1. Kirkwood Rh over Cα pairs of region A:40-109 into Stokes-Einstein at 10 °C, 1.306 mPa s: D in µm²/s?
2. Return the Rg/Rh value of region B:10-160, two decimal places, where both radii are evaluated on C-alpha atoms and Rh is the Kirkwood radius.
3. Could you tell me how many cubic angstrom of Cα convex hull volume the protein assembly as shown has per residue?
4. For a quick size check, give me the Cα extents of region A:91-172 along its three principal axes, largest first, whole Å.
5. Compute the length gained on full extension between residue B:151 and residue B:49: take 0.36 nm times their separation in residues and subtract their Cα-Cα distance, giving the result in nm to one decimal.
6. For the cross-link pairs A:143/B:13; A:50/A:110; A:117/A:196; B:88/B:142; A:110/B:17; A:73/A:257, which exceed 26 Å when the distance is taken from alpha carbon to alpha carbon?
7. Do any residues of region A:187-208 lose at least 50 Å² of accessible area when the full set of protein chains is present rather than just their chain alone, and if so which, with a 1.4 Å probe?
8. So what is the diffusion coefficient of region A:158-265 in µm² per second by Stokes-Einstein at 20 °C and 1.002 mPa s, using a Kirkwood Rh over Cα pairs?
Amino acid sequence: MATENIEDAKAQMGYDPTTNYDEATMAQQRQIEQEIAGCQPLIGKETDLKTLHDEYSPEDKIYQDKITDLQRKHSAYRRIRMDGNCFYRGFGFGYMEKLLKDKSELQRFKEVVTTSKDEMIKLGFPSFTIEDFHSNFIEVLEKLEKDCGVDELLEIFNDQGYSDYLVVYLRLLVSGHLQKNDDFFMNFIEGGRSVKEFCAQEVEPMGKESDHIHITALTAITGVPVCIEYMDRSEGHGVTTLVFPDDKTPVLTLLYKPGHYDLLY
Amino acid sequence: MQSQYSLRSPAVKRLMKEAQELREPTEQFHAHPLEDNLFEWHFSIRGPEDSEFEGGIYHGRILLPPDYPMKPPSIILLTPNGRFDVFKKICLSISGHHPESWQPSWSIRTALLAIIGFMPTHGNGAIGSLDYTTDERKRLAKKSADLVLCVMLILFLLCNSDHKSLSAQNVVQLRIC
């Protein structure tokens, strides 16, 4: 009797055990992605920080105060598309924008990227595909060496194909760094997973969001210190500032709002 | 093939490289894109040795999404094998059913090796997985190899005789062998 009731309930809810719901879930996921893509570029225009006040209700004192605090140190920001890749994409664009004006830093970084490929292959990454992402990344760095301006860089980062290829390489760098130093990073991984499993589940797949461990790894492997301004509902009138690693002067700053990163100027 | 695609598209560049890399069949598999569509591939895999699939040759299709390799391929087997349902997308963490765990550094090669590797494992009721007996799987493996021989024989006869001498009746006889 009890089983029959469950079957009745399933039927009422429109559940059909012979249907493959994965397909429907994926189709819906894709539709949501397309809707977001339609209204938000991957990297937005540089916008005055005061417009951020309009995003929150005037009565929302916590956020309004924190934005005011943010304005003491920063004047503008760029929105990054909320697709789970915002940290990597924001970091990539923000840093390469700096490289446009700093050719010696560009040479240092190119050297880092060049040697990273062999390191990853040594760690057991598949050389055929690593080579593909690596050569695309180097191609963009070579564009920066020539007369590439901010507009062209913006165009590169807003071309989904190109842009995602850059994100993949940054994800691979993080994965490689975590795996190479797994003795250390295993202490920060929850759920009894190995570093390799963590990388397969939380680093390499596209759309997986970034936490402290990802930021620590990316700033270490690239040698690019980053400042993150944390703006959330916690008590206090100001944003919380963290620098990775904390003894260095940051090259770029990202704004963190729960679940998302934008770029600050 | 090159002219109809945008070479700027990383998916196109990547698939052309993969087609180049996989152009020679390996011991375990052979895969190639359709002549007029880089986003649809056909493949044959060999059943793994020391398993009930040994000796079997299984065909299938691979459908690539436009944003490959950011999103996973879908893999469909066409030859009855007793482990995976045919004409249905295969449910593996590496295929289109689990986009959240696909890694862009994987490739068609990785996906096919995974399918071969998963054949002797238990399906655990995953969508599209079958739980046939060992004997039934062995019978299907033999049948799949016979089918390949038949197709090769037909092609051989078609190529080496004038078409009229190979009557429709002969073809039918060959097909039931």
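1. 113
2. 0.98
3. Working: hull volume 100.4 nm³, N = 442.
Convex hull volume per residue, Cα atoms: 227 Å³.
4. 37, 28, 19
5. On the way: separation 102, 0.36 × 102 = 36.72 nm, distance 2.32 nm.
Computed gain between residue B:151 and residue B:49 is 34.4 nm.
6. Distance filter (> 26 Å) returns A:50/A:110.
7. For region A:187-208, once contacts with the other chains are taken into account, A:204 lose 50 Å² or more.
8. 143
The values are calculated or read from the model by the stated rules, or taken from the named source; none is laboratory data. None of the values given here were measured: they were computed from a predicted structure. Methodologically, a virtual Cβ is constructed for each residue, glycine included, from the backbone with ideal geometry; neighbour enumeration extends over all protein chains shown. Protein only, heavy atoms only, side chains kept; ligands, DNA and RNA dropped before computing areas. Shrake-Rupley method; radii C 1.70, N 1.55, O 1.52, S 1.80 Å.
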